[in-house]
Structure formats: structure tokens, C-alpha cells
Amino acid sequence: GLVCAEADGRGEQPLVGLGAIDYDAVWSPDGGSVVFTSAREGSAELFRVKPDGTGLERLTDNPAYDDQAAFSPDGKQLVFVTTRNGGTADLWIMDLPTRRAKALTTGAGGDFRPAWSSDGRWIAFSSDRGSTMPFGHGRWEHLQIADLYVIHPDGTGLKRVTEHGNFCGSPKFSADSRRLVAYCMEANDTLETRRPNPQPENQQQDPRATVDTRLVSIDVATGAATEI
């Protein structure tokens, strides 16, 4: 279930009741509603509720998996992840007044964690499109490669903004819409971060070595990246 509280943590109380599988909540730009994913009626669907817990409504109704919604800056549209087009994870855009939704991305790869720029011009997302699922160095496991992309809400202008070959996820725009911040890691570290006790490759040579993700700031126009 979801809970709602003041910014300092006080006044915590259930938002939509406890017991259901609810997650990935996001506030609308005007603060008037919360959209979240829930399996309360079977498959994962998008729901909307007011901050006081009233007015619960279902936004999607499809056997596919619908999740990871993000608002447009004017609050009139949602971009979300869905598997309704053949089982792959694609981005779709929903017009909230009409509930009509249409595909934004397609293809064999998976697209995840969309974020809308504050100027409304771009949607950023993480994707494994173009990955050949290479093996880890000296390993039999496949590496999980993911790059960051941006695309205009009308489906034009798709471009990759990170250097291919590693992993970056969950992009968010800066307030001026010029930069993305995301968490990134080396490709081979995607194997170890899935283990209960990750061990870096060079730990025998350097006992202080760790397997870490790092926060990176990326210029959308140039792709120039700097660690935060």
C-alpha cells in the first residue's frame, strides 16, 4: 500500500489503504493527484487518487503490464511503460482527459523509467535497445547494458545521449531541461550488483575496491557527462 506524509515525515497515513500491491507513485505537477501502479485488480495497472485518499480511479485497463508513469509539465498527459504491444516494454503516452493512449516507442528492446522535461520538449528514458547482450569478461552470464535516450513527445528526434556499452538508469531532468541526472555503472558491474554480496573484479589486487553505482550529470545536447 501507499502512505502519504508531510515533507518532514510527520502525519504519515495510508493513502489508498494497506494490503494491496501499490508502488511507483508520482505527484501531478499541481499537487492535486497521485498516479501510481497497482496490482489490486489483477495485472499491473495505473490508478489515480487525490492526496486525501478520495477519488480513486483506474486509468488503464489492459492485460498487459502498465507501470512507471511520469506527468507532462502541464499535467494533461502521462508517459508510461507498457507491454501491450507484443510483450516488450515500450513507452506510451496517455491523454488524461480522454484516457486515449498511443505508442511513443516500439522495437525489440526494453524502454524504462521515462521522465518528461520541464519545458515539455523531451522525454528521457533508459533502454537496452541495440544491446547484443554480451557476456561478462571471463563469465558465462550476459551483461545488462542500458543507455539513456531522449525523444520528443510526438515521436521524433530520438537520440542516444550516453556512450554505449555500460549501464545508466532512471534519468531525471534538471530544472532548465538541459541536463539529465542518472545512476550509472560499468557494464561488468551489472553482474555483481545483482548478488547478495557484490565483489569487484579487482578486489584481490585492491581490498578496498567496491562495486558502486554513481550519479552522473549528462548534457542532453552534447552528451558530455560529469560525475556528481
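Quick one: what pairs do we get from the stretch 50-64, first residue more than 21 Å from L18 (Cα to Cα), second loosely packed, with under 12 Cβ neighbours inside 10 Å and not acidic (D, E), C-beta under 6 Å, 6+ apart or different chains?
As it stands, the answer is none, since no pair meets every condition given.
With the condition kept exactly as written, say whether any residue in the stretch 156-169 is in contact with a Gly (Cβ under 6 Å, 6 or more places away or on another chain) and within 29 Å of A103 (Cβ to Cβ). Lay out the reasoning, then the answer.
Of all residues in the stretch 156-169, those in contact with a Gly (Cβ under 6 Å, 6 or more places away or on another chain) come to 161.
Cutting the leftovers down to within 29 Å of A103 (Cβ to Cβ) gives us 161.
Yes - at least one qualifying residue is present in the stretch 156-169.
Collect the residues in the stretch 89-126 that are more than 15 Å from the chain's Cα centre (by Cα) and among the β-branched types (V, I, T), keeping them in residue-number order.
Once the filter is applied, which keeps residues that are more than 15 Å from the chain's Cα centre (by Cα) and among the β-branched types (V, I, T), the stretch 89-126 yields T98, T106.
Here is a check on your reading of the model: is A101 in contact (Cβ under 8 Å) with a residue 40 or more places away in the chain, open to solvent by 20 Å² or more (accessible area, probe 1.4 Å) and outside any loop (DSSP other than H, G, I, E, B)?
Judged against the criteria, A101 is a match.
Confirm whether F112 is within 23 Å of I218 (Cβ to Cβ) and of a type in the set (F, W, Y).
Numbers: within 23 Å of I218 (Cβ to Cβ): yes; of a type in the set (F, W, Y): yes.
In short, yes.
In the stretch 14-64, which residues are aliphatic (A, V, I, L, M) and within 22 Å of the chain's Cα centre (by Cα)?
Selection gives A20, I21, A25, V26, V34, V35, A39, A44, L46, V49, L59, A64.
For the stretch 113-133, which residues satisfy the criterion of being part of a strand (DSSP E or B) and either open to solvent by less than 80 Å² (accessible area, probe 1.4 Å) or out of contact with any strand residue (DSSP E or B) (no Cβ under 9 Å at 6 or more places or on another chain) (or both)?
If the condition is that a residue be part of a strand (DSSP E or B) and either open to solvent by less than 80 Å² (accessible area, probe 1.4 Å) or out of contact with any strand residue (DSSP E or B) (no Cβ under 9 Å at 6 or more places or on another chain) (or both), then P114, A115, W116, I123, A124, F125, S126, S127 are the ones that fit.
The values are calculated or read from the model by the stated rules, or taken from the named source; none is laboratory data. These figures come from a predicted structure and were not determined experimentally. Methodologically, a virtual Cβ is constructed for each residue, glycine included, from the backbone with ideal geometry; neighbour enumeration extends over all protein chains shown. Surface accessibility is based on the protein's heavy atoms, side chains included, excluding ligands, DNA and RNA. Shrake-Rupley method; radii C 1.70, N 1.55, O 1.52, S 1.80 Å.
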